[in-house]
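Beneath this line is the structure, given in structure tokens, with notes to follow.
Just so you know, all these numbers are worked out from the coordinates, no wet-lab data involved. Everything quoted here is computed from the prediction, not taken from an experiment. Don't worry about glycine lacking a Cβ; one is built from the backbone with ideal geometry, like all the others, and counts go over all protein chains shown.
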Amino acid sequence: MLIREKIQYYERKILIDVAAFSDNTKGRKIKEENDEIRTPFMVDRDRIIHSKSFRRLKHKTQVYIKTSGDHYRTRLTHTLEVAQIAKTIGKGIGLNEDLIEAIALGHDIGHVAFAHNGEDVLDKLLPNGFKHNENSIRVLTKLEKYGRGLNLTEEVLDGILHHSGFSSSSKKAFTLEGQVVKFSDKIAYVNHDIDDSIRAGLLSEEQLPKDVIELLGNNHSKRIDTLVKDCIYTTLKNIENGTIEVSLSEDIGNALNDLRTYMFENVYKGEILKIERDKAKFVLEQVFCYFLKNHEKMPEFYKKIAESEGLYQGVADYISGMSDDYCLFLFNSIYVPKFVIY
């Protein structure tokens, strides 16, 4: 028996009946031979973590742009926190951790420089708009490996596509593993963004909504603990009652939503960071407009996309893959005067 077959045998022994089993995957767009060691979901996890777009996450903003401190989250550290929370929830429920990890590691690969500020700019400038979850799929299926894509399984791609959105009406992943990542993303970013805001001196625990804090906990670790446990126990209860979906209990879910709303009003969209947000949007918009007019100066790969799929798509692919630092470097190279005479 191959090692992969042993792993899949134990999946059948350990995971709950409604988990996603790797020996029953919906497969890849291009059929491949199975790996003798790794399951298909393990292969996907490794492909994502070794990709260039994954490495670029370390220089993409989570919330705070161009911080000097080492302890503020970046898009990469956010991704790692999501993966860890999701794996804990998944293990508690009895789901496939390898699938969860692959989805979590790939869920934000399509994010633009300067966090949601960059996404707002591209959404405004592109004729068909821009959504980072849809762009993640494009990166993984069409842009990575110079256009060949990573050929990931359908379960992983579906989980990444449907990780976004907070309302109960937003579309769900068809696997429970994908649904776990969606909740874990919200649990992670709401709480670590509070932590970063307190570190920056922009918020204090005392300013947070008191009723919410009383329910979830009065510090970062207690809130994470409350939300993770509630997600596990509520989901197990759902499954026991015949409702096959991941969720939080009503009270805890409302509390997380209230905390998220508070952060949007006071931090994400509030006056605290407005000046820096506007600067970031200006930089990205100018770089986008420059390459729209000077597309011949883009790398060859993106020029070919512009020729085959249209100018806006080629420029969008180039811009959306940039890290904050590279976008700023290009802006300075294009628009900031240099000393040419000494």
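Numbers below:
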| quantity | calculated |
| --- | --- |
| Ranking of Ser22, Ser164 by count of other Cβ atoms within 10 Å, fewest first | Ser164, Ser22 |
| Global geometry of the stretch 41-275, whether rounded, prolate or oblate, following the gyration tensor of its Cα atoms and the 1.5 cut on a/c | oblate |
| Contour minus Cα-Cα distance for Tyr9 and Lys29 (0.36 nm per residue) | 4.7 nm |
| Estimated 222 nm signal from helices in the chain, with DSSP H stretches of n ≥ 4 weighted -39500 (n - 2.57), rounded to 500 | -18000 deg cm²/dmol |
| Residue exposure sequence - Ile160, Ile319 - by fewest surrounding Cβ within 10 Å | Ile319, Ile160 |
| Potential lengthening between Glu134 and Lys237 on full extension [0.36 nm per residue; Cα-Cα distance subtracted] | 33.9 nm |
| Whole-number Å³ per residue for the convex hull built on Cα positions in the stretch 1-113 | 121 Å³ |
| All-pairs alpha carbon distance profile, the stretch 181-225, 10 Å steps from 0, percent | 26, 59, 15 |
| Approximate spin-label separation Asp70-Ser170, in nm, with each point projected 7 Å along Cα-to-Cβ | 3.4 nm |
| Estimated distance in nm for a label pair at Arg260 and Ile16, the labels positioned 7 Å out from Cα along Cα-to-Cβ | 2.1 nm |
